[in-house]
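Heads up, the thing below is written out as structure tokens.
Nothing in this text is a laboratory measurement; each read-out follows from the coordinates by a stated rule. Just so it is clear, the model here is predicted, and its values are computed rather than measured. Don't worry about glycine lacking a Cβ; one is built from the backbone with ideal geometry, like all the others, and counts go over all protein chains shown.
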Amino acid sequence: MTADAIAGSAVLDGLLAYIDASPSPFHAAESASDRLAGAGFVETQPDQSIPDGAMVTRRGGSVVAVRSGQITDIEALEFRLVGAHTDSPNLRIKPQPDTGAVGYRQLGVEVYGGVLLNSWLDRDLGLSGRVAISDADGERVVLVRIDEPLLRVAQLAIHLDRDVNEGLKLDRQAHLAPIWSHGEVEEDGFGEFVASHLGVTRDAVVAWDLMTHDLTPSTRMGRDGEFYAAPRIDNLASCHAALEALIALDEPPANVVAAVVLFDHEEIGSDSSTGAGSPLVGNTLERVAASLGVDRDGYLRAIERSWCVSADGAHAVHPNYIDRHEPQHRVALNDGPVIKLNANVRYASDADTSMRFQAACRAAGVPWQQYSHRTNLACGSTIGPITAAGLGIRVVDVGSAQLSMHSAREMAGSADPAHLTAALGAFLAGA
């Protein structure tokens with residue numbers, strides 16, 4: 001095995017471990033913060049002063065991490081920003097979820113994001129997220145992770161739906177409630193279960209943000225191990241690459257502030273206090289600038305000199321559905337990061353920012369590809385245009401190629417995590 005292959009394998013192993021440690025965006029943010037803190041980043045609360053040196057702050061499912069170079073000329077200050085998102089489409093537990101019929105206890109769920117619904121059928125599902133508790137010990141929010149096969153959305157047998165293979169149609173309200181117990185419906189069975197799991201009284205559990213996750217571990221796959229399969233590749237693969245790139249950056253170039261922002265709620269439009277549509281990143285960068293002695297006018301001028309990479313998954317050509325892809329843009333697994341372009345600015349890339357990222361790929365010694373959506377299909381979007389509009393910063397949309405995007409379990413190329421990490425590292429280093 002070559003040195004590059006060994007390094008690539010180590011990056012992939014780290015990614016798989018990160019994905020398995022992050023069943024919810026809140027866990028993804030905690031895992032990211034812990035990884036950064038272990039690398040010397042100072043943890044701080046969002047309402048505290050910006051510390052000197054490398055820092056990381058977390059709010060809910062979002063993380064902002066910053067590392068500054070030597071600031072010798074504030075008139076040359078610029079930001080190098082990498083943005084990604086921690087959330088993925090899934091099934092989320094309703095506030096009053098207890099339901100059921102004919103002797104089955106079930107839970108009401110709400111579809112979060114653009115879910116491939118059929119991929120959640122007949123899977124062993126656990127629970128994760130966070131719970132708000134108020135009792136004699138005070139008010140607090142705790143993370144919850146139950147890696148046990150608690151839930152299952154059972155599919156109807158083919159004998160009762162002979163036409164199912166001609167087109168499965170799922171009613172989100174009627175067909176997605178997972179089974180989790182047997183017996184008569186309990187008035188507050190789920191709330192009692194959560195309280196018991198946390199070792200508190202039912203009255204102490206006042207609210208939750210809980211969701212389902214597939215229990216199958218992430219794994220390398222394929223005849224020669226050239227692929228990997230995992231939940232939440234979109235977009236934990238980008239989060240991990242951004243984190244590793246920032247950690248590996250011993251010191252940014254002079255007058256450069258390198259930053260990684262992992263947002264929540266991208267899959268539902270980013271309009272939240274922890275989404276890309278919030279002032280989270282702008283406020284943080286301005287506070288960093290102020291800590292360096294830069295006033296607001298200087299900060300705004302620095303933004304004009306700055307660059308952002310919006311990192312998110314990209315569509316590889318599917319061998320069974322070649323006609324769904326743009327013929328002149330055959331994106332492939334293991335062929336390097338993908339620069340995503342769209343004339344209607346569903347992606348923020350343009351000629352200028354694409355050139356910048358190509359330079360980063362060349363500096364890192366990795367290949368790169370270009371993606372354009374098929375003209376007669378609606379194109380998705382990313383945090384890229386939102387960040388560009390909110391900050392007025394130059395943005396390029398990129399990502400690793402993958403298959404089965406928005407499935408409960410996705411597929412990608414084993415070499416691409418190292419490719420993306422290296423390219424992001426070169427970008428943050430000033431390439």
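Observations, loosely collected:
- Residue of Pro327, Pro231, Pro97 that the Gaussian network model of the chain assigns the largest fluctuation, springs spanning Cα pairs under 10 Å: Pro327
- Filtered trypsin sites (Lys or Arg not before Pro), segment 121-159: DSSP coil and at most 10 other beta carbons within 10 Å: none
- Degrees between helix 351-364 axis and first principal axis of the chain (Cα, 0 to 90, nearest 10): 90 degrees
- Prolate/oblate/rounded label for the chain (Cα gyration tensor, a/c 1.5): oblate
- FRET efficiency estimate (nearest 0.05) - Cβ-Cβ, Arg223 to Ala10, R0 25 angstrom: 0.70
- DSSP-assigned coil residues among GluC sites (Glu not before Pro) in segment 123-188, each with at most 12 further Cβ atoms within 10 Å: Glu184, Glu187
- For segment 163-224 and segment 19-80, distance of Cα centres in Å: 32 Å
- Percent of beta bridges antiparallel (DSSP, the chain, rounded to nearest 5): 65 percent
- Charge dipole of the chain (Cα centre as origin; +1 on each Lys and Arg Cβ, -1 on each Asp and Glu Cβ, all else neutral): 900 debye, rounded to the nearest 20.
- In segment 210-295, the trypsin sites (Lys or Arg not before Pro) that fall in loop regions by DSSP, at most 10 other Cβ within 10 Å: Arg223
- Computed from phi, the 3J(HN,Hα) profile of segment 296-310 under the Karplus parametrisation 6.51, -1.76, 1.60 (θ = phi - 60°) reads 4, 4, x, 4, 5, 5, 5, 4, 5, 9, 9, 9, 9, 9, 8 Hz, with x in place of Gly and Pro.
- Chain lengthening between Ala154 and Asp250 when straightened (0.36 nm per residue, less Cα-Cα): 29.6 nm
- Note, ³J(HN,Hα) from phi for segment 58-67, Karplus 6.51, -1.76, 1.60, rounded to Hz, x at Gly and Pro: 10, 9, x, x, 10, 9, 10, 10, 9, 9
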